[in-house]
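Participant: Attaching a single structure in structure tokens format; questions to follow.
The values are calculated or read from the model by the stated rules, or taken from the named source; none is laboratory data. Just so we're clear, the structure is a prediction, and the values are computed from it rather than from any experiment. Cβ placement follows ideal geometry from the backbone for every residue including glycine, while neighbour counts extend to all protein chains displayed.
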Amino acid sequence: MERHEPLTPAVVERYGRLSPRQREVLSLIALGLSNREIAGRLFLTVHAVNYHVSSIYHKLGVANRTEAAVLYLKVKDETSRPD
């Protein structure tokens, strides 16, 4: 994802590729939790969370937690608006 990529249908489609668990992990990333904290909250191993985070980055086309969180917040903001 480019630095200031607008919320396009392609971005929303990439978010739609995430599994429910990956979306849950992403929401916790957006809250600023570490992988260890996410693992504790979701009763997962840190290894499992690391795997989910890597998959999230790949599916969203982002390079880091910040980019992933920004994309998540954009999608959530856009999809929660009434038409």
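Participant: Count, please, the residues in region 34-60 that happen to be without any contact (Cβ under 8 Å) to a residue 40 or more places away in the chain and either over 17 Å from Leu18 (Cβ atoms) or charged (D, E, K, R) (or both).
Facilitator: 10
Participant: Now for a different question. Identify the residue in region 3-24 that is of a type in the set (A, V, I, L, M) and not in a helix (DSSP H, G or I) and, among all such residues, is modelled with the highest pLDDT.
Facilitator: Filtering first and then ranking leaves Leu18.
This table checks each residue for (1) surrounded by 15 or more Cβ atoms within 10 Å (Cβ to Cβ); (2) of a type in the set (A, V, I, L, M, F, W, C); (3) assigned to a helix (DSSP H, G or I); (4) modelled with pLDDT of 95 or more.
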residue	(1), (2), (3), (4)
Leu26	yes, yes, yes, yes
Ala39	yes, yes, yes, yes
Ser55	yes, no, yes, yes
Glu67	yes, no, yes, yes
Lys74	yes, no, yes, no
Asp77	no, no, yes, no
Arg81	no, no, no, no
